[in-house]
1. Among the residues of the range 167-199, what is the count of those that are among the polar types (S, T, N, Q) and open to solvent by less than 20 Å² (accessible area, probe 1.4 Å)?
2. Across the range 200-215, what is the total count of residues that are modelled with pLDDT under 95 and either open to solvent by less than 30 Å² (accessible area, probe 1.4 Å) or acidic (Asp, Glu) (or both)?
3. If you check 160, 78, 125, 108, which single one turns out to be touching a Lys or Arg at 6+ places or on another chain (Cβ under 8 Å) and either without any contact (Cβ under 8 Å) to a residue 12 or more places away in the chain or loosely packed, with under 14 Cβ neighbours inside 10 Å (or both)?
4. Determine whether residue 138 is out of contact with any Leu (no Cβ under 9 Å at 6 or more places or on another chain), open to solvent by 60 Å² or more (accessible area, probe 1.4 Å) and part of a helix (DSSP H, G or I).
5. Does residue 17 satisfy the condition of being in contact with a Pro (Cβ under 9 Å, 6 or more places away or on another chain) and either more than 30 Å from residue 105 (Cα to Cα) or surrounded by 12 or more Cβ atoms within 10 Å (Cβ to Cβ) (or both)?
6. Cβ contacts < 7 Å: first residue farther than 16 Å from residue 127 by Cβ, restricted to the range 46-60; second residue of a type in the set (S, T, N, Q) and modelled with pLDDT of 95 or more, any location; separation 6+ or different chain. Result?
7. Answer yes or no: is there a residue in the range 180-189 that is hydroxyl-bearing (Ser, Thr, Tyr) and closer than 18 Å to residue 46 by Cβ.
8. Residues of the range 196-210 being touching a residue at least 24 places away in the same chain (Cβ under 8 Å) and of a type outside the set (Gly, Ala, Ser), which ones?
Amino acid sequence: MPRESFQAKAARVKKVISGLRKAYPDAHCELNHSNPLELLVATILSAQCTDKRVNIVTRELFNKYRSAADYARADLAGLERDIRTTGFYRNKARSIKACGHALVERHGGSVPGTMEELIELGGVGRKTANVVLGNAFNINVGVVVDTHVARLSRRLGLTGETDPAKIEQALMKLVPKEEWTLFSHWLIWHGRRRCSARKPDCAHCEISGLCPSAGKL
């Protein structure tokens with residue numbers, strides 16, 4: 001595997017995709033949302049926080065704030081209290097409020113559907129934009145690289161990079177574009193359910209035969 005050619009690696013990725021598809025046929029974004037705005041806010045809140053905790057917080061948050069205008073005119077201290085348990089709540093509250101303002105002022109209150117427009121919003125980077133585009137608009141512009149995707153990409157020998165931007169570029173070359181969003185979901189689900197950071201369950205792993213790290217961690 002250390003000297004694996006690009007063609008061989010791409011062929012292995014196809015087998016990895018097949019194995020993960022069979023293992024997780026229902027893989028999807030686990031941040032609860034019913035529209036692009038809710039997904040945008042939930043994704044901002046998910047930084048350094050579990051999806052489970054975010055979903056607990058947004059259950060009430062989305063009832064209180066129903067539009068971009070609601071976030072734009074929100075009392076900052078009140079918004080901070082509403083999202084406090086997600087961590088880094090002051091920065092997140094400022095980002096969400098800024099997002100609300102930008103959406104109202106530049107996009108008529110609607111979440112835009114392009115990478116360029118999304119990353120101009122407060123607190124929105126490429127990862128968040130990829131989540132929104134892929135899951136709210138079904139547009140594959142890139143690959144979401146969170147901690148699970150980064151960890152599994154290295155363990156699977158798909159890249160030796162540690163920088164998320166470089167990992168994304170490596171995966172975009174290996175994974176068919178139509179699979180970019182789902183590939184992230186499959187790796188995230190596998191990372192949460194099988195290939196954990198400390199104790200990967202290699203003995204029961206559905207793709208262990210395709211992984212150079214199997215049994216070595």
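The values are calculated or read from the model by the stated rules, or taken from the named source; none is laboratory data. This one's a predicted model, so the numbers in the text were calculated from it and none came from an experiment. Note that each Cβ is placed from the backbone with ideal geometry, even for glycine, and that neighbours are counted across all protein chains shown. Side chains are part of the model used for accessible areas, which takes the heavy atoms of the whole protein and leaves out ligands, DNA and RNA. Shrake-Rupley method; radii C 1.70, N 1.55, O 1.52, S 1.80 Å.
1. Total meeting the criteria: 1.
2. 0
3. 160
4. Answer is no for this residue.
5. yes
6. From residues that are farther than 16 Å from residue 127 by Cβ, the pairs are 53/85; 53/86; 55/32; 57/85; 57/86; 58/32.
7. yes
8. Once the filter is applied, which keeps residues that are touching a residue at least 24 places away in the same chain (Cβ under 8 Å) and of a type outside the set (Gly, Ala, Ser), the range 196-210 yields 200, 206, 207, 210.
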